[in-house]
Structure formats: structure tokens, C-alpha cells
1. Net charge near Ser340: determine it from the other residues with C-beta under 12 Å of the C-beta of Ser340, scoring Lys and Arg +1 and Asp and Glu -1.
2. Pick out which of Asp255, Asp228, Asp177 has the largest mean-square fluctuation in a Gaussian network model of the chain, springs linking Cα atoms closer than 10 Å.
3. State, as an integer percentage, the relative contact order of the stretch 1-70 based on alpha-carbon contacts under 8 Å between residues 6 or more apart.
4. In whole Å and largest first, what semi-axes does the C-alpha gyration tensor of the stretch 337-394 yield when each eigenvalue is scaled by 5 and square-rooted?
5. Determine, from the Cβ-Cβ distance of Met280 and Glu380 and an R0 of 22 Å, the FRET efficiency 1/(1 + (r/R0)^6), rounded to the nearest 0.05.
6. Multiply the residue separation of Phe342 and Glu83 by 0.36 nm, subtract the distance between their alpha-carbon atoms, and state the gained length in nm to one decimal.
7. In the stretch 303-361, which GluC sites (Glu not before Pro) are in a loop and have at most 10 other Cβ atoms within 10 Å, using DSSP for the loop call?
8. Given DSSP loops and a limit of at most 15 other Cβ atoms within 10 Å, what is the longest stretch of the chain that contains no such trypsin sites (Lys or Arg not before Pro)?
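The values are calculated or read from the model by the stated rules, or taken from the named source; none is laboratory data. Remember, it's a predicted structure, so these values are computed and weren't measured experimentally. Please note: Cβ atoms are built from the backbone with ideal geometry, for glycine as well, and neighbour counts cover all protein chains shown. Keep in mind that these areas ignore ligands, DNA and RNA; they rest on the heavy atoms of the full protein, side chains included. Shrake-Rupley method; radii C 1.70, N 1.55, O 1.52, S 1.80 Å.
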Amino acid sequence: EQPPEQPTAGTAEGRTVLVYMAAENSLATYASADVNEILQGAEYMGAKDHVLVYLDNTGKPCIYDITFWQKGKKLSELTPVLEYDTNLDSCTPETFSGVLDFVQQNYAAPSYGVVFWSHGSGWLPPQLVTAGDYSQAWGARRRAFGFDNQQNKEVNGGNQLTINQLRDVLLQHGTFDFILFDACFMQNIEVAYQLRSCARYIIGSPAEIPALGAPYDTMLKPMFQDTDYIPGMVQTYYEAYLGDPLYGVLLSAVDCSRLEAVAQLTRPFVQQYKQTLLEMDYTDVLDYYNWDSFPFYGYSDYYDMQGLLRTALSEEECQQWQPQYQKLFAAQAHTAYWYSAFNNRADNAVIDAQYSGLSMHVPLYKYAARNKWFAPAYYETDWAKAVWNETPTE
């Protein structure tokens, strides 16, 4: 009888990664496929590595422990290590905190990562429906991270987790080596700065991503390396969409240790050009969601931070700001176009000179009539307090 096969890859001391799938929404059918991808990629894990998948789609939530020895299996062949008795709301801080408690108490490791898998919209706050308010179309409530409709259906609606809620729960559980947002619009300076004490690196996209999301079958290889795993994850994700005629993806990895320096670097320029930024013509600035074309869905514009500041600053000021800003990134990658459910592909061409893979909000007056909660919520973010400093009068 042959001895059981032993892993030849993975981290030396072990890494535990939680994949938090808040999939009780329109993405439900994609969740199972991604768990199967993780099982394919398990061959790259080491003997002490674990992927804990919290899966909440159209049944009772479960947690699965995936190791090297499950490689090649299917989700249907797995037995959960924990199956909840009730249909939890996966977009509450209590549920998220409970899952992290379970993971850390039962799968201790010297290195932790977390993958947030669901819908997303960056720093924007959840907004309750107000009767008769035209801005409250179904999409107008798509805020922050996740959707849990509490009906076990493949429809969007219900609770979302705010960035402050994510931050508060994460801080209770230590500093993670990385956070990967496999969700749309999450890579913006406001989110990164709010979570700056929660992780060493934050990986995500400033734009929409295809529902297929990350290529877990190949991305687990860099994810469980001891070194260079952050640029490796970005590169592997990017390569999965390179040359794809239908889809594309924009990514960056932010080094959280450099976020304070970027705030100090950017603040004097924002203060100097505050009125310019609020009144500027943004037609030619790289924008990952065109609010003027689709104001009723409740998103904001997502301007690339580098494109934004390059437009407002003089050439000499750009030479002071841009090289220092670029030190923020551990990795950047983009296909020629990005995927969008709203715009035609031709409208989503990347402007290389402006691209950094990180968006920045500007509290423009145009949002006030339809999205009146934008400005008050924005000025409550740590980034706005550090860089904008005050609420402009309308």
C-alpha cells in the first residue's frame, strides 16, 4: 500500500485563509463553482495550510475546511466542519465576528488572510428605503460589502456590511497578512485608509469585476507561498482575464504601512485645490463608473486617484506627488478594458497614464439632489477627515 501523498508546496509554517462568501444574492450560483476551483487549487497548499470557506448561498450556512488532502474533490463530496441550524444573516458584524472566532479558535496559524466574496461598492454607506424617494431604486441600496436577502433566493436586497463594521470586527481579531476583495469597486483610498490597521496588504479592483471573479484554481499557488505572494496573487488574477474578448479586470495591492504617508502627501494638495476639485471638468478623467449616465443606481463616480490628481495638479506638483504615491503599491495590473454591466466595452478603455488601480471620491455638488447621503457619510470617513478636513457649503 502506498503512503498518502504529501504536499510539496505551500507555506512552511502554515497559513489560514478565510473565504467569506456572502452569496445569498444574485451571485449564489457562482459560489459553488468557486469552491470547486479552490479544491482544484488545493494541490498548491502545504501540510499546515487551510482554506476555511464560509458559504451562505441558498441553503443553511456552512463552513468547510479545505486542505491539500481534499485536492481535486468536489463541493458535493465535502462534509462541513460546521453547519448552522438557522439561516444566518451573513451581512451583520455579529455573524462575521462569529465566523472569525471559529476560524481562529480552531485553525490557529502564524499567518492569516481573508477573502471577501460578494457584491461591493466601496466606502458608500447602506441606505434605508424612504417611501417616495426616487433615489431609492433597488440598486440605490447597493452599498459597502455584501448582500444577504434572508430568503435563500438568488436576488439582491437585505443587509450589507459597512466598512466601519468590517474594520471593527477585523481589529478584534488581530492584523491579517492580506485582505482580498473579490467584489466590485472595493479598491478605493477611503476603504483602504479605513482598514489600514487591519491588514498588511489590501488587494482589490477599483472597478466592476466579472461574476466569475478570481481564478482560485491557479491563485492558490501564490496565495500559499512564503514570499512574493501579494504580487503573485495580483498577477495570477490578472492573467486569467488577459486577452479575454468579453471580460477584463483591473487590480492593485496596497501596502497599508504606507497609507499614512500618502494621506500626509495628499492633504496639502487637496487643501490647496479643494475648490478646483469640486468644480473641475472630469470628462477626461479615468472613471470606473459614470454617474452622469446612470445616476439612479446609487453608485458614485469612481475616479482613479492618480488620474484625478494629475488633472488638478501642475506638472511640477505631479512630479512631487506621483512617485511618492506609487510607493503605496505592492502590485498593479490591468487588462486593456474592464468589465462593466453598465457600459459598452469600448467605453471602458484604460488610460495608462492615469491608471493606478485605486479610486478616490470627490464630494461633488451634483450628487446632492439624488444621493443626498453621500456627503455626510463621506465626511465621516477617516480619509475625508485626514485629507479634506471640512464639509464644503453648498
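1. Around Ser340, the surrounding residues sum to -2.
2. Ranking Asp255, Asp228, Asp177 by mean-square fluctuation puts Asp228 first.
3. 39
4. Here the semi-axes work out to 28, 16, 9 Å.
5. E between Met280 and Glu380, to the nearest 0.05, is 0.40.
6. 89.5 nm
7. Sparse-neighbourhood loop GluC sites (Glu not before Pro): none present.
8. Here the longest run is 154-326.
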